[in-house]
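Visitor: First, the structure itself, so that you have it in front of you.
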Amino acid sequence: MKTNKSITKRIRITKKGKMLSRKPGFNHFNAKQSRTKQLHGKKNNEFMMKNKVRSHLLPFN
């Protein structure tokens, strides 16, 4: 089985097994946003994925 590289680039797995991803919609065009809104985009969200899907995409994590 191979690990899906596109998923591993977008998700960080913590030591306890939580999956964290960036908030969507904060890639670019942030110059008009206030500084606080820009910084809120850097925070990570907990990413929910069913175990069956996770085992197919990330077999070794």
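Every read-out reported here was derived from the displayed coordinates using simple, explicitly stated rules and does not represent laboratory data. Here the structure is a predicted model, which is why all the values come from computation and not from measurement. So basically every Cβ, Gly included, is an ideal-geometry build from the backbone, and we count neighbours across all protein chains shown.
Visitor: Springs between alpha-carbon pairs under 10 angstrom, Gaussian network model over the chain: which of Arg22, Arg35, Arg12 fluctuates most?
Guide: Evaluated over the chain, the most mobile residue of the options is Arg35.
Visitor: Let me ask something additional. Please list 3J(HN,Hα) in residue order for the stretch 44-55, calculated via the Karplus relation 6.51 cos²θ - 1.76 cosθ + 1.60 where θ = phi - 60°; whole Hz, with x for glycine and proline.
Guide: 9, 9, 6, 9, 9, 8, 5, 5, 5, 5, 4, 5
Visitor: Still on this structure: If you take the beta carbon distance between Thr36 and Thr3 as r and set R0 to 25 Å, what does 1/(1 + (r/R0)^6) give as a FRET efficiency, to the nearest 0.05?
Guide: Taking R0 as 25 Å, the efficiency between Thr36 and Thr3 is 0.10.
Visitor: Further question: Taking 8 Å as the Cα distance limit and 6 or more residues as the minimum spacing, I'd like the relative contact order of the chain as a percentage.
Guide: Working: 57 pairs, mean separation 27.7, N = 61.
Rounded, it is 45 percent for the chain.
Visitor: Give me the dipole magnitude in Debye, nearest 20, for the chain about the Cα centre, with unit charges on the beta carbon: positive for Lys and Arg, negative for Asp and Glu.
Guide: Magnitude of the dipole: close to 80 debye.
Visitor: Follow-up. Compute from the Cα atoms of the chain the Rg and the Dmax, the latter being the longest Cα-Cα distance, and quote both in angstrom.
Guide: Spelled out, the Cα radius of gyration and Dmax of the chain are 14.3, 45 Å.
Visitor: If you keep only loop residues by DSSP, which chymotrypsin sites (Phe, Trp or Tyr not before Pro) in the chain have at most 10 other Cβ atoms within 10 Å of their Cβ?
Guide: Sites meeting the loop and neighbour criteria: Phe29, Phe60.
Visitor: From the helices alone, meaning DSSP H stretches of at least four residues, give me the mean residue ellipticity at 222 nm for the chain, per-run term -39500 (n - 2.57), in deg cm²/dmol to the nearest 500. Could the numbers behind the result be given before it?
Guide: On the way: 3 runs with 19 residues, N = 61.
After summing the helix terms and dividing by the residues of the chain, the value is -7500 deg cm²/dmol.
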